[in-house]
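Participant: I'd like to ask some things about the structure below.
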Amino acid sequence: MTVGKISNYMNPKPKKIYIVGIGGIGLSSLAQLFVHEGIAVSGSDRSEQPSTEMLRKQGVEVLLGHSASHVPEDADLLVYSDAIVEGSAGYAERVRGRELGIPELSYFEALGKAAEGKRVVAVSGTNGKTTTTAMLGKILVDAGEDPTVVVGSIVSEWGSNFRAGGSDLFVVEACEYKKHFLNFHPSLLIITNVELDHTDYFTSEEEFVDAFTEVVANVEAGGDIVANTNLLNVQKALKEAPASVTVSDYSGVEVPELLLPGEFNRENARAAKAAAHVVAPHISDKQIDASLAVFPGTWRRFEYKGKLPGGAELYDDYAHHPSAIEKTITATREKFADKKPSKKIVVFFHPHLYSRTRDLFAGFVSSLALADEVYILPVFAAREPYDESVSNAALAEAITTFGGNAQAVSSMEEVTDKLCALGPDIVAFTMGAGDVYKAGDAALKN
C-alpha cells in the first residue's frame, strides 16, 4: 500500500485544500503530506515562522494574516487548527468556508483519516513525544523500513517535520489534548508518561488518565503497547488494555551514549529502541544503537543556537510543562558539570496558556527555581482569553519566595537586550511553547 494516498480515505480525492493555521507545527506537516500526494495546498497564519518558509519552498501559498477573502471558492476541503475557534482572528475563514459549502476537518481529524489503512505507530505521552517519534523515525529510516513520519518539530536530519515513505508504516506523534489521539487506531502505541496537562480541557488528573485508558483501548486487536510500566499513571491507563494486546516495558532497555544530554532523553531512546524491535524485529541492537548514537535532535528540543554577543552560549527548548522544565535544567547541569569556571543557567521563560500556568503554578515555581536566574515573559495566551488571576509578575515573585531568583520582563525586546548582555560564564535558554525563540534569534544577529 502506498503511504499517504488521499484517495484511500477521501472519495473523491480533493484537488485543492485550504488550511487555517497552516504554519502550526502539526498542520505544516499535514500540508506536506497533501503536497506529496499532488494536491494543491494553500493556507493562512498570523505571522512568519520557520515552517511557513519551508512550505513556500514546496510550492504552498502561505498568506499572512487572516481574512475570509483568503478562502478559495473552489477548495474541496478546509482543515483548521485547534486555535481557530470562535472569537479568534482566523474563525472568519471557517465561517466563509461553511458559506461556500466546503467540508471542514480539524487537524487531527484529517490526520486520523490520512492514517486509515496504514500500520500506525502512535507516540503518546505528556512529555517526550516529539523526540521519541523522531528517534524512532530515524531508526526505521536507517534500517530501510521507509516509514512516513509526522513529527511535532523539524527534524534536523530531514530539514522537515514530515517524511514521506513508501511502506505502509505511518509513525505519528499523537497528542492527548481534547483526546485527539483517539483519531488513531494504532497497531503500536507508545506511552512515554502520563502527567496532568491541558487543564483548559481536562478538569482533573483522573480525567486525564482516563483519556489514556481510552487510547489504550483503541489499539488494534493483536497490537502492541510499549511503555514505562513503573509509572503509576501508566499502570492505571493500562488496566483496560485489551487481552489480545501485548504490553512491553521499556524502562530497562540499554541505550548507547547520546548526543542529547539528560536522563529524559535516555528514556526517549529506550522507548524508541523498544518500539523499533516491535515494528521490525529483524533490526539488531547494533543497528538501533548506531542510529541513536548520532541522532542530532530536533528544532526547539535542547537546540544549540550559538554564541551570544557577550559570550554566553544560547540554547532553545520547547519545555512548557513543569516536569519538562525540571528535566531540561537538570540535564543542563549534567552537561556542563565539568566546565571550569562553572556555568550559570539563565532561563527566559514564556508561559503558555493562562490555564496551564494557573493550574500547574506550584510545579512551575519549583522547577524554574532550579535555574540560577529566571526572566518571565507575559503569558502567551494562544487560544485563551485574558485571565487577570495569573501573571508573569506573580510567577516571578513566587519563584523568588521559594528560594529562586526571578523577575518579570515585559517584552521580547527586553529579552533580546538581556541576552546580548550575558557573559561567557552563562548558559542561556529561551524556553516555552510560545515564540520566545524569536528573541534569541534577534540577539544572535546583533
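Participant: Using Stokes-Einstein with the Kirkwood hydrodynamic radius over Cα pairs, what translational diffusion coefficient do you get for the stretch 358-440 at 20 °C and a viscosity of 1.002 mPa s, in µm²/s rounded to a whole number? Could the numbers behind the result be given before it?
Facilitator: Details: Rh = 13.5 Å.
The Stokes-Einstein estimate is 159 µm²/s.
Participant: Compute the signed sum of charges (Lys and Arg +1, Asp and Glu -1) over the other residues within less than 10 Å, Cβ to Cβ, of Val379.
Facilitator: Neighbour charge sum, excluding Val379 itself: 0.
Participant: Ignoring everything but the protein chains, give the 1.4 Å probe accessible area of Asp285 in square angstrom, nearest 10.
Facilitator: 80 Å²
Participant: Take Lys344, project a point 7 Å from its Cα along the Cβ direction, then tell me which residues of the stretch 298-330 have their backbone nitrogen under 15 Å from it.
Facilitator: Counting backbone N atoms under 15 Å from the label point, the list is 310-313.
Participant: Continuing with the same structure: Which whole number of Å³ per residue matches the convex hull of the alpha-carbon atoms in the stretch 96-212? Before the final figure, lay out the partial values.
Facilitator: Values: hull volume 15.3 nm³, N = 117.
In the stretch 96-212, the Cα hull volume divided by residue count equals 131 Å³.
Participant: Once you compute Rg and the Kirkwood Rh from C-alpha atoms, what is the Rg to Rh ratio for the chain?
Facilitator: 0.95
Participant: Once you list every other residue whose beta carbon is under 11 Å from the beta carbon of Val120, what net charge do they have if Lys and Arg are +1 and Asp and Glu are -1?
Facilitator: Details: positive: Lys118, Arg119; negative: Glu116, Asp168, Glu220.
Residues near Val120 contribute -1 overall.
Participant: May I pose another question? Counting Lys +1, Arg +1, Asp -1, Glu -1, what net charge surrounds Ala89 among other residues with beta carbon under 15 Å of its beta carbon?
Facilitator: -1
Participant: What ranking do 378-391, 356-369 get when scored by the average of other Cβ atoms within 10 Å per residue, highest first? All intermediate terms of the calculation are to be shown ahead of the outcome.
Facilitator: Values: 378-391: 14.1, 356-369: 20.1.
Ranked from most to least packed, the peptides come out as 356-369, 378-391.
Participant: Given the chain, what percent of its DSSP beta bridges are antiparallel, to the nearest 5?
Facilitator: 15 percent
Participant: Okay, next question. With every protein chain kept in place and ligands, DNA and RNA left out, what is the accessible area per residue of the chain? Probe 1.4 Å, answer in Å².
Facilitator: Ligands and nucleic acids excluded, the result is 39 Å² per residue.
Participant: Rounded to the nearest percent, how much of the accessible area of the chain (1.4 Å probe, protein heavy atoms only) is carbon and sulfur?
Facilitator: 49 percent
Participant: Please check: in the Gaussian network model of the chain (C-alpha springs, under 10 Å), which one of Val121, Val216, Val85 has the largest mean-square fluctuation.
Facilitator: Highest fluctuation of the listed residues: Val85.
Participant: A follow-up question, please. Ranked from highest to lowest mean number of other Cβ atoms within 10 Å per residue, what is the order of the peptides 47-53, 75-81?
Facilitator: Details: 47-53: 16.0, 75-81: 22.7.
Most protected by this proxy first, the peptides run 75-81, 47-53.
The values are calculated or read from the model by the stated rules, or taken from the named source; none is laboratory data. Note that the structure is predicted; figures quoted are calculated from it, not measured. Backbone-built Cβ (ideal geometry, glycine too); neighbour counts: all protein chains shown. Keep in mind that these areas ignore ligands, DNA and RNA; they rest on the heavy atoms of the full protein, side chains included. Shrake-Rupley method; radii C 1.70, N 1.55, O 1.52, S 1.80 Å.
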